[in-house]
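Read the structure below first, then the notes.
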Amino acid sequence: MTREGGFSTGEYRGLNLGMGSGDDPLRIHANMERLARAFSLTRGVATVRQVHGNQVVVLDERRDSGEEVPEADAIVTAMPGLAVGILTADCVPLLVHDPARGLVAAIHAGWRGLLAGVIETTLAAMAGIFGSRNADLLVAMGPHIGPCCYEVRKDLLQVFEARRDWRGDLFREERDSLYLDLGRAVTETLLGLGIRAGQINGPGPCTSCHEARFFSYRRDGTTGRQLSFIVMN
Ligand SMILES: [Zn+2]
């Protein structure tokens, strides 16, 4: 979803779906209802309290409703009609579909989660619980901050290099500043897991470059969150 439409105003103007972003909860609820109606999501959109970690929540019949929202950064479900979503304002939202086993996942992948292995733990959960094979998966990246705008602290280069043997050039130096290509880091991670380039749709458009369409924390500080969700019918 882009930020266009919706009831939120001011810094949160548009379709802010980020509960806890500081926006009026009533407006966020109204925005969510509008979205649910537009997409006929009768069971709503399941989200998690995202903490830049690597925990995965698997939603089945028993956890469909009424429970406290758990802390995690990925949601997997095989339930038709239950949308799973990730809220972002620069991080990479990843949506995964396994058409062979009939399940979907939504993953929150910022650089911390990426290094913590959130993609690996999610795919491992899909494989371990449902028998998914990485070769069957279709993966889409939602909007996220691009290498054009994602200036990061200098030592992140060493942090990344220490953690994995990245094949591509993830960083760009320009006028004493360092920029990270988060979309490429996600792509590299997926390729490293045996997912082929043809299974990956991404990177997404830059949140920071497109103010009318997307919320961007880096650009605006106080702002809303856009929702990327996936559902099986
Ligand atoms: Zn940009």
Check 135, 109, 125 and return the single one that is modelled with pLDDT of 95 or more and either of a type in the set (D, E, K, R) or farther than 17 Å from residue 56 by Cα (or both). 135
Determine whether residue 181 is among the acidic types (Asp, Glu) and surrounded by 18 or more Cβ atoms within 10 Å (Cβ to Cβ). yes
Within the set of pairs 6+ apart or on separate chains, which have a first residue in the stretch 194-208 that is without any contact (Cβ under 8 Å) to a residue 24 or more places away in the chain, a second that is surrounded by fewer than 18 Cβ atoms within 10 Å (Cβ to Cβ), and C-beta atoms under 9 Å apart? 197/191
Do you know which residues across the stretch 126-142 are in contact (Cβ under 8 Å) with a residue 40 or more places away in the chain and surrounded by fewer than 20 Cβ atoms within 10 Å (Cβ to Cβ)? 129, 130, 134, 135, 138, 140
For the stretch 143-163: of the residues being more than 16 Å from the ligand (Cβ to nearest atom) and in contact (Cβ under 8 Å) with a residue 12 or more places away in the chain, which is surrounded by the fewest Cβ atoms within 10 Å (Cβ to Cβ)? 153
Restricting attention to the stretch 104-133, which residues are under 18 Å from residue 185 (Cα atoms) and in a helix (DSSP H, G or I)? 111, 112, 113, 114, 115, 116, 118, 119, 120, 121, 122, 123
The condition of being surrounded by fewer than 20 Cβ atoms within 10 Å (Cβ to Cβ), more than 16 Å from the ligand (Cβ to nearest atom), at pLDDT 95 or above and part of a loop (DSSP other than H, G, I, E, B) holds, among 168, 194, 198, only for 194
Which numbered condition residue 188 fails, given (1) more than 26 Å from residue 97 (Cβ to Cβ); (2) of a type in the set (D, E, K, R); (3) within 20 Å of the chain's Cα centre (by Cα): (1)
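The values are calculated or read from the model by the stated rules, or taken from the named source; none is laboratory data. Computed from a predicted structure; not experimentally measured. Ideal geometry is used to build each Cβ from the backbone, glycine not excepted, and the neighbour counts take in all protein chains shown.
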